[in-house]
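First comes the structure, then the notes that go with it.
The values are calculated or read from the model by the stated rules, or taken from the named source; none is laboratory data. For clarity, every value in this text was computed on a predicted model and none was experimentally measured. Counting neighbours? That spans all protein chains shown, and the Cβs are built from the backbone with ideal geometry, glycine included. When the accessible area is computed, the model is the full protein with side chains, heavy atoms only, and any ligands, DNA or RNA have been set aside. Shrake-Rupley method; radii C 1.70, N 1.55, O 1.52, S 1.80 Å.
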Amino acid sequence: MKRVFSGIQPTGNIHLGNYLGAVKNWVEKQAEKENFFCIVDLHSLTVPQNPEQLRFETRSLAAMLIAAGIDPDKSTLFIQSHVPAHAEGCWLLNCVTPLGWLQRMTQYKDKSAKQESVLTGLLDYPVLMAGDILLYDADEVPVGEDQKQHVELARDIAQRFNHVYEEEFFVIPQPIIPQAGARVMGLDEPTNKMSKSLAEKRGHAVRLLDEPKEILRSFKRAVTDSGREIQFSTDPDKAGVNNLLGIYKAVTGKSEAEVIADFSEARGYGDLKVGVAQVVIDMLNPIRERYQMLMQDPAELDRLLARGAQQAAAVAAPKVDQMKHTMGLVLPA
Ligand code: AMP
Ligand code: TRP
């Protein structure tokens, strides 16, 4: 059975892009594979956080993922910092990763340009991520388009370690990018991806916990163009309509031709927006209800997360010990 590893940060509001680009695919494939899904709280510390809020959001995301269909009996769901091998693996991999590889990462360049003081952790972020993946010898890493470069870096780091220390020590992971929903754009600004850091801005994102009224309002405000043609298109002027159609396609699983057929009677973009809002609302209603139930039973949530951490550590801890030994460290007797 193929082994799958993926991660998601507990900060900011999980939104429709995260769901369609990542979580939905994790859920749909979970019976066919051996899955590890990690709430990457250590990654969140690479930019300043409010401690109380981070703690709340970490547990809230766990509830959200279970509500969205991650079944703790089929998948190992855990919090990254509960398994110390992740931080240790990062250090060991730091010592085979050239600095120049990290300075070239586009996410680092974007994020660091927006900050006055850049933390070392932000530069090192992709090495921590490489460790997440490599410690589990994952074959597949399902992520949205924006994380492809980081998974490719994890491959490079694995190859380098294998070359320097021991052939075939690490499995070389594959990024798995969904065909539909890989890049959901901001509703207010359809040439930029929908982003957690902008999710509080009115009309930018659909957050998974938004009430139906709010979802409808966000779609109604979505930026489109002055035309009326409802077609998939790569024309930047049509990015808004293309994004709405892409969301509809990812939610319904229909082909492009079927999507267009569903809107053949539409009298303009207004009907398109309402139609897309409706399928999104129907998809999110049961998720929101299950989330609320899970958040009312914190002891059960903690129990599930403790079990997940134990299962994850059973794989990651021996692997990190093998790394240490291979690199010449003395293991404790
Ligand atoms: P993050 O929000 O950075 O923790 O991302 C969690 C997962 O959601 C990753 O697999 C991302 O690639 C994916 N993702 C984030 N934003 C989008 C988006 N706008 N469209 C599609 N996938 C996304
Ligand atoms: N960097 C990823 C993101 O922001 C999250 C992540 C951390 C991850 N570790 C991972 C994704 C390992 C896949 C595999 O989306």
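Hey, does the stretch 172-188 have a residue that's within 16 Å of ligand 2 (Cβ to nearest atom), on the phi > 0 side of the Ramachandran plot, in a loop (DSSP other than H, G, I, E, B) and crowded, with 16+ Cβ neighbours inside 10 Å? Spell out how you get there, then give the answer.
Just the residues of the stretch 172-188 that are within 16 Å of ligand 2 (Cβ to nearest atom), to begin with: 172-178, 181-184.
Filter once more, so that each one left must be on the phi > 0 side of the Ramachandran plot: 181.
Subset that is in a loop (DSSP other than H, G, I, E, B): 181.
After this cut, where a residue has to be crowded, with 16+ Cβ neighbours inside 10 Å as well, the list is 181.
Looking through the stretch 172-188, at least one residue is within 16 Å of ligand 2 (Cβ to nearest atom), on the phi > 0 side of the Ramachandran plot, in a loop (DSSP other than H, G, I, E, B) and crowded, with 16+ Cβ neighbours inside 10 Å.
For SER197, only one of the following conditions fails: (1) touching a helix residue (DSSP H, G or I) at 6+ places or on another chain (Cβ under 6 Å); (2) at pLDDT below 95; (3) open to solvent by 50 Å² or more (accessible area, probe 1.4 Å). What is its number?
With respect to (1) touching a helix residue (DSSP H, G or I) at 6+ places or on another chain (Cβ under 6 Å); (2) at pLDDT below 95; (3) open to solvent by 50 Å² or more (accessible area, probe 1.4 Å), SER197 is out only on (1).
So the check is Cβ under 7 Å with 6+ separation or different chains; which pairs have a first residue in the stretch 36-53 that's within 19 Å of GLY7 (Cα to Cα) and within 14 Å of ligand 1 (Cβ to nearest atom) and a second one that's among the hydrophobic types (A, V, I, L, M, F, W, C) and open to solvent by 70 Å² or more (accessible area, probe 1.4 Å)?
Here the result reads THR46/LEU119, each pair linking the stretch 36-53 to a residue that is among the hydrophobic types (A, V, I, L, M, F, W, C) and open to solvent by 70 Å² or more (accessible area, probe 1.4 Å).
Hey, does the stretch 127-138 have a residue that's touching a residue at least 12 places away in the same chain (Cβ under 8 Å), open to solvent by 20 Å² or more (accessible area, probe 1.4 Å) and more than 8 Å from ligand 2 (Cβ to nearest atom)?
Taking every residue of the stretch 127-138 in turn, at least one turns out to be touching a residue at least 12 places away in the same chain (Cβ under 8 Å), open to solvent by 20 Å² or more (accessible area, probe 1.4 Å) and more than 8 Å from ligand 2 (Cβ to nearest atom).
Do the conditions hold for ALA314, that is, is it open to solvent by 50 Å² or more (accessible area, probe 1.4 Å) and not β-branched (Val, Ile, Thr)? Before the answer, list the steps.
Details: open to solvent by 50 Å² or more (accessible area, probe 1.4 Å): yes; not β-branched (Val, Ile, Thr): yes.
In short, yes.
Scan the stretch 258-287 and report the pairs whose first residue is touching a residue at least 60 places away in the same chain (Cβ under 8 Å) and whose second residue is in a loop (DSSP other than H, G, I, E, B), with Cβ atoms within less than 7 Å and a gap of 6+ or a chain change.
Partner pairs satisfying both residue conditions: VAL280/VAL206; LEU284/LEU208; ILE287/ALA68; ILE287/LEU208.
Return yes when LEU209 is buried (at least 16 other Cβ atoms within 10 Å of the Cβ) and farther than 30 Å from SER60 by Cβ and no when it is not.
Numbers: buried (at least 16 other Cβ atoms within 10 Å of the Cβ): yes; farther than 30 Å from SER60 by Cβ: no.
It is false that LEU209 is buried (at least 16 other Cβ atoms within 10 Å of the Cβ) and farther than 30 Å from SER60 by Cβ.
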